[in-house]
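Below: one structure, written as structure tokens.
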Amino acid sequence: MRRRVARILVLAPTLIIMNLLISGPGSAQAPSQAGRVYSPTESERLRRAVNVQNWDDGGELTHFAYLHTSEVFLTADIHRKSSVSTLEEAPNPAVGAYVVKTENGRKVTLAEYIAADSGIDGFIVLHHGRVVYEAYLRMLSEDKHLLMSVSKAFVGTAVGILEDRGKIDIHRSINDYVPALKGTAWEGITVRDILEMASGMEGANESYTDPANKHYQYEASLGWQPKTTEMPESVREEDTYRYLASLKRLHNPGETWAYTSVNTAILGWLLEEVTGKSLAEVLSDEIWAPMAAEADAQIVVNNKGVAAAHGGMVTTLRDLARFGLLFTPSWNKTTHTKIISEKFLRRIVTDGRTDLVKTWVFGPRPDWLDHVAYQWDAVTKTGKFFKGGFGGQILFIAPQKDVVVVHFGTNKSLDDTGPLLNLGDMVDDLF
């Protein structure tokens, strides 16, 4: 299984490009539709072969699971409700012709590099709300793909929307909103500390091979990991919220950032308590329906209906790009209602605690990182922000450039960290 969900795709100007996706050579101006289609026989074989132990180990089974998540796990629909917004297409040949240096030192165009075995399933770039590049190498445009930890950005965004409305004060303690957490180690921890991965709670060392690990047990309670008889009763019974309430505090809240997916699970619980709705309903009402998505999204749930808030969303490539547009000046290309207010966007970009992140995903704190906010992995000193997910998922937003970049991927093996793209430089150079 995955050893660390925190192997997030780090996309920033100082990092070396390892993999980037555009369509094949000579086709930089047009979207590629060379997607992967399973025959009925192949689908049946893979559906029988994939299980809770191997679904994310990499390769063919994982690719099938990422594209057919609702056939592998229980899911709840995140409904769209309005007319579909049309994304204008304005192909830009410079994107496919952009020259990158590969990890072995070769210089090739993006198109040439991605035509090779990059592990990327689909890729899209929007500029001023228009599709300037789009490619589907190992999926179809209508396919829904598992987002993994990119899901966290939706949960953080929903909290910010309700904060604007006065329903949530992120400076108040989480137990003010989730009464079941009163008297637990979560009591007294502010919503902001949880949003910024600074709760101090256990679960940060995310193992996917150790049944005694707290994150492993959290995912087992969701049906994402195998259960053992030694696990707590709450895990074996998929009583996820009872399990979360039993976790211990290791550090004082607000002291330091530590990537801990149980924080997102608590935020999902918070949203349900504040609204009286399921997480799927909250995301539909606050984001998906007013965004004018092209298809219903999904989110993985366990047998008790608890959502995998930290990594279980499933969307099309274009719909994830539409979500990114909400944070740009071209938000009105996908909605008539301004879902992300200017004050919320300012909180993301400028209202960070710059001293919170002392060490980061891959080691020392990078120079370009300014802060974290609302479940985004990083906000850069130039105002870009992004969220990555295991296996090659990324949502990268540059509001000042009015650019959104999204890609889906499939890890090739258990230890495949996925593509690391220098999207910061690419966006600055091209736009």
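The values are calculated or read from the model by the stated rules, or taken from the named source; none is laboratory data. Every value quoted in this text rests on a predicted model; they were computed, and no experiment measured them. Glycine gets a Cβ as well: all are built from the backbone with ideal geometry, and neighbour counts include every protein chain shown. What goes into the accessible areas is simple: the full protein's heavy atoms, side chains included, and nothing from ligands, DNA or RNA. Shrake-Rupley method; radii C 1.70, N 1.55, O 1.52, S 1.80 Å.
Worth pointing out:
- Residue check for residue 252: closer than 28 Å to residue 409 by Cα and either assigned to a strand (DSSP E or B) or not hydrophobic (A, V, I, L, M, F, W, C) (or both): no
- Counted residues, region 127-138 - those being in contact with a Ser or Thr (Cβ under 9 Å, 6 or more places away or on another chain) and at negative phi: 8
- Given (1) modelled with pLDDT of 95 or more; (2) assigned to a loop (DSSP other than H, G, I, E, B), index of the condition residue 391 fails: (1)
- Each residue in region 369-388 was checked for being in a loop (DSSP other than H, G, I, E, B) and open to solvent by less than 20 Å² (accessible area, probe 1.4 Å), and 4 pass.
- Of the residues making up region 400-431, those that are open to solvent by less than 10 Å² (accessible area, probe 1.4 Å) and at pLDDT 85 or above are 403, 404, 405, 406, 407, 408, 409, 411, 423, 424, 426, 427.
- Residues of region 260-284 that are open to solvent by 10 Å² or more (accessible area, probe 1.4 Å) and in a loop (DSSP other than H, G, I, E, B): 276, 277, 278.
- Members of region 144-164 found to be in a helix (DSSP H, G or I) and in contact with a strand residue (DSSP E or B) (Cβ under 8 Å, 6 or more places away or on another chain), listed by number: 148, 149, 150, 151, 152, 153, 154, 156
Rundown of residues vs (1) in contact with an Asp or Glu (Cβ under 6 Å, 6 or more places away or on another chain); (2) more than 25 Å from residue 140 (Cα to Cα); (3) of a type in the set (Lys, Arg), yes/no style:
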| position | (1), (2), (3) |
| --- | --- |
| 283 | no, no, no |
| 335 | no, no, no |
| 349 | no, yes, no |
| 372 | yes, yes, no |
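- Counting only helices (runs of 4 or more DSSP H) that sit completely within region 56-110, those holding 2 or more residues that are polar (S, T, N, Q) correspond to 69-72.
- The set of residues in region 172-229 that are charged (D, E, K, R) and not in a loop (DSSP other than H, G, I, E, B) comprises 176, 192, 193, 214, 219.
- Residue 316, sole failed condition from (1) open to solvent by 10 Å² or more (accessible area, probe 1.4 Å); (2) in contact (Cβ under 8 Å) with a residue 60 or more places away in the chain: (1)
- Among the numbered conditions (1) modelled with pLDDT of 95 or more; (2) part of a loop (DSSP other than H, G, I, E, B), the only one that residue 234 does not meet is (2).
- Listed by first and then second residue, the pairs with beta-carbon distance under 6 Å, at least 6 apart or on different chains, first residue in region 207-224 and under 20 Å from residue 263 (Cβ atoms), second among the charged types (D, E, K, R) and buried (at least 19 other Cβ atoms within 10 Å of the Cβ), are 208/2; 215/206; 221/238.
- Residue satisfying condition, being aliphatic (A, V, I, L, M) and under 19 Å from residue 161 (Cβ atoms), within set 361, 404: 404
- Unmet requirement for residue 364, which otherwise passes all of (1) within 23 Å of residue 259 (Cβ to Cβ); (2) open to solvent by less than 10 Å² (accessible area, probe 1.4 Å): (2)
- Summed over region 336-351, the residues that are assigned to a loop (DSSP other than H, G, I, E, B), open to solvent by 10 Å² or more (accessible area, probe 1.4 Å) and at pLDDT 95 or above give a count of 4.
- Only one entry of 134, 187, 103 meets the criterion of being open to solvent by 40 Å² or more (accessible area, probe 1.4 Å) and at pLDDT 90 or above, and that entry is 187.
- Residue in region 285-297 that is among the aliphatic types (A, V, I, L, M) and assigned to a helix (DSSP H, G or I) present: yes
- Among the residues of region 62-96, the ones that are touching a helix residue (DSSP H, G or I) at 6+ places or on another chain (Cβ under 7 Å) and either open to solvent by 80 Å² or more (accessible area, probe 1.4 Å) or not polar (S, T, N, Q) (or both) come to 13 in all.
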